[in-house]
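Below: the structure, in structure tokens.
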Amino acid sequence: MRPIKKIQRKLRELNVGSEIYFKQDNALFIVRGKQGKFLVATSEPDRETYTIIDIEKGFCGPNDRVFNPYNYKKQEDIEECLRDFNNPPEDMSDLKISLRHGTNVENVIDLPGIN
């Protein structure tokens, strides 16, 4: 099994409240929302930094909206973001995870149980 498939399987198993870590600095993030093929995780304890993970593509990063309508410190906004990513409104049909600042999850994220 390729590593990305193992990571994708583990991402699918995560629940809201699960911990993930970024490899570079071992930064703790908590899964704040999960819906469809996406999940949103925020840094702890301040929630200043967020990432959106596309579980199917194995890709993570920020959204690419110039005027980001979501405040990832608010649970309501996280839930709205997930609804919009899974079913983009017509006026946000270009909504996607930013390729400029994103990367494959296997390169940046550590999950418990994945070596």
Exercise. Between the stretch 61-81 and the stretch 8-48, what is the C-alpha centre distance in whole Å?
Worked result: 15 Å
Problem set entry | In nm, spacing of pseudo-spin labels at GLU19 and VAL108 (7 Å Cα→C-beta vector) | 2.1 nm
Problem set entry | Derived scalar couplings ³J(HN,Hα) [the stretch 78-84; Karplus, 6.51 cos²θ - 1.76 cosθ + 1.60; whole Hz; x for Gly, Pro] | 4, 5, 5, 4, 5, 4, 5
For this session: Can you send over the carbon and sulfur percentage of the accessible area for the stretch 1-62, probe radius 1.4 Å, protein chains only?
Result: 46 percent
Exercise. If you look for lysine pairs in the stretch 1-89 that are eight or more places apart or on different chains, how many of them have Cα atoms under 16 Å apart?
Worked result: 11
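The values are calculated or read from the model by the stated rules, or taken from the named source; none is laboratory data. Keep in mind the model is a prediction, meaning the values are calculated, not measured. Note that each Cβ is placed from the backbone with ideal geometry, even for glycine, and that neighbours are counted across all protein chains shown. For the accessible areas, the whole protein counts, side chains as well, though only heavy atoms, and no ligand, DNA or RNA atoms are used. Shrake-Rupley method; radii C 1.70, N 1.55, O 1.52, S 1.80 Å.
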